[in-house]
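To start, the structure itself, in structure tokens.
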Amino acid sequence: MIGKFLTSASLVAALALVPAERAEADAGEFIGGAIIGGIIGYAAGQNQGQRTRTTGTRVVRPGIPATQQGRETQAALNYFGYNAGTVDGQVGPGTRSAIERYQASMGYPVNGREFASYQFDFLMDAYYWATQQGGAQQTGLSGQSLLFAYRNSLQGGPVQSVSPAPQVQQPGTTVIVNPGPQTPVQPGTTVVAAPAAPSAGATGGQLPNLFANSQPRMSLANACNAVMLQTSSNGGYVTLATMNDPGQALGEQFCVARTYAMARGEELMGQITGLTQAQIAEQCGAFSSMLSGEVDRVSLIEQAALTAEMQEFAVGTGIAPGDLAATSRVCLAVGYAQDDMRMAVGSALMLVALGEPAYGELLGHHLREGFGTNSRRDLAMQWYEASISALEQGAEPAFMPGQPERPALLRAATMQLGQGAAMPQPVQAQQPAAALPTFRVNQ
């Protein structure tokens, strides 16, 4: 279950988390819009890129003049079988009732007078896909089934289609022909070749091994449990004064950062309205899939080059940075809660690209230990260096902001590990030339 994760009493005491300030009353709606409108909106934008996307909530009230949005809404609702009535652009009781039926079927908050922008955007993107990109012809579906097929396609699920009608065969006798001498066949008889028996040589005379080529799945949750056991045996966390095992020190700080990220993400998830935890997880799965290519490059190219690449990627989505940041924090927590390391890596990478270099520490940890990436300690040191230098120069901490000595501990541990391994010396952190502005949700 998302939001249920293991912490020991010593870890809770060490974190000493200060309760985050509650967000404004509409923060949950904002974050919900960020996840649905942001993630799905980007997927649709990759296909058509012609519609302008907005954020916020469009409030529909009776008695307003006919609008283009009203006409678009009515046309799309009618197309998908929600029966909004005449397409006249005037949003009356019939249209509001159709909006509520659409909201209910999609699992959104049901209120026909408040049509959130992410709900409208998804409806219009699905309508564009079905009518302009041939979605209806591709699937053979119609009505609400077509709308659900579009949603499934964005979430990486199968798009069911109507199977062609089976061909009617003429009555006759069916003869199954085994390999061997030719069997005489009477006219009008259907001949079906029998499947060949499996050959013992196909597997070299051995039973098949389904796991021969599979890679073991590394669990950060299990690793952190082991780290915490070692911490308990050591009598407490590694400090600057007691550090003789830099690997243990970094392991502890990795697990502390993981727990802090999960707690912060859970705080945000608690403010999301209209979405279940399962729906949030599904959206984060789509988010992770869209970042898959960049996640692959984390263990291939240098930190500065990948950060610049990721900034271009973020700009290219057309999504507001605040929406991307809120979504990334939530999906970072989901990734760690589900032990989905690629989701966590992609979320941290997005936050770095959005101007929060402190999250680069996570990428250093992942690369050092090989969780969600190939193990690349040389690249890990680059991410550690960029993150620690930014913290030393006043960047906002992502984890444990109440412990100012933490960057010094990270610095000492990475320096010890990097001795003799081309560890970069502290230098002034280079800020990207085209860094995205960071908009923060009140937390």
Long-range neighbours under 6 Å by Cβ, at least six apart or interchain, first residue under 27 Å from E266 (Cα atoms) within region 278-304, second surrounded by 20 or more Cβ atoms within 10 Å (Cβ to Cβ) and of a type in the set (S, T, N, Q): V298/T373
Tally, over region 386-409, of residues that are modelled with pLDDT of 95 or more and among the charged types (D, E, K, R): 0
Yes/no for F313 being closer than 26 Å to L409 by Cβ and more than 13 Å from the chain's Cα centre (by Cα): no
Counting only residues that are under 12 Å from V334 (Cα atoms) and not in a helix (DSSP H, G or I), region 259-274 contains a total of 0
Taking region 239-250 and keeping only residues that are more than 17 Å from Q403 (Cα to Cα) and part of a helix (DSSP H, G or I), one is left with P246, G247, Q248
By residue number, the members of region 131-142 that are out of contact with any Phe, Trp or Tyr (no Cβ under 7 Å at 6 or more places or on another chain), surrounded by 18 or more Cβ atoms within 10 Å (Cβ to Cβ) and either in contact (Cβ under 8 Å) with a residue 40 or more places away in the chain or not in a loop (DSSP other than H, G, I, E, B) (or both) are T139
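One line per residue, one yes/no per condition, for (1) within 29 Å of N152 (Cβ to Cβ); (2) at pLDDT below 90; (3) assigned by TED's automatic domain parsing to the domain that holds S117:
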site: C284; (1), (2), (3): yes, no, no
site: E294; (1), (2), (3): yes, no, no
site: A308; (1), (2), (3): no, no, no
site: A314; (1), (2), (3): yes, no, no
site: I319; (1), (2), (3): yes, yes, no
site: R342; (1), (2), (3): yes, no, no
site: M350; (1), (2), (3): yes, no, no
site: G355; (1), (2), (3): no, no, no
site: G364; (1), (2), (3): no, no, no
What's the number of the only condition in (1) without any contact (Cβ under 8 Å) to a residue 60 or more places away in the chain; (2) of a type in the set (G, A, S); (3) in a loop (DSSP other than H, G, I, E, B) that G236 fails to meet? (1)
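Which one is surrounded by the fewest Cβ atoms within 10 Å (Cβ to Cβ) among residues in region 80-130 that are in a helix (DSSP H, G or I) and aliphatic (A, V, I, L, M)?
Restricting attention to region 80-130, the residues satisfying the condition of being in a helix (DSSP H, G or I) are 93-106, 117-130.
Cutting the leftovers down to aliphatic (A, V, I, L, M) gives us 98-99, 104, 106, 123-124, 126, 130.
On the way: A98: 23, I99: 27, A104: 11, M106: 18, L123: 24, M124: 18, A126: 24, A130: 23.
In this case the residue turns out to be A104.
The values are calculated or read from the model by the stated rules, or taken from the named source; none is laboratory data. Nothing here was measured: the structure is a model prediction, and the numbers come from that model. Glycine gets a Cβ as well: all are built from the backbone with ideal geometry, and neighbour counts include every protein chain shown.
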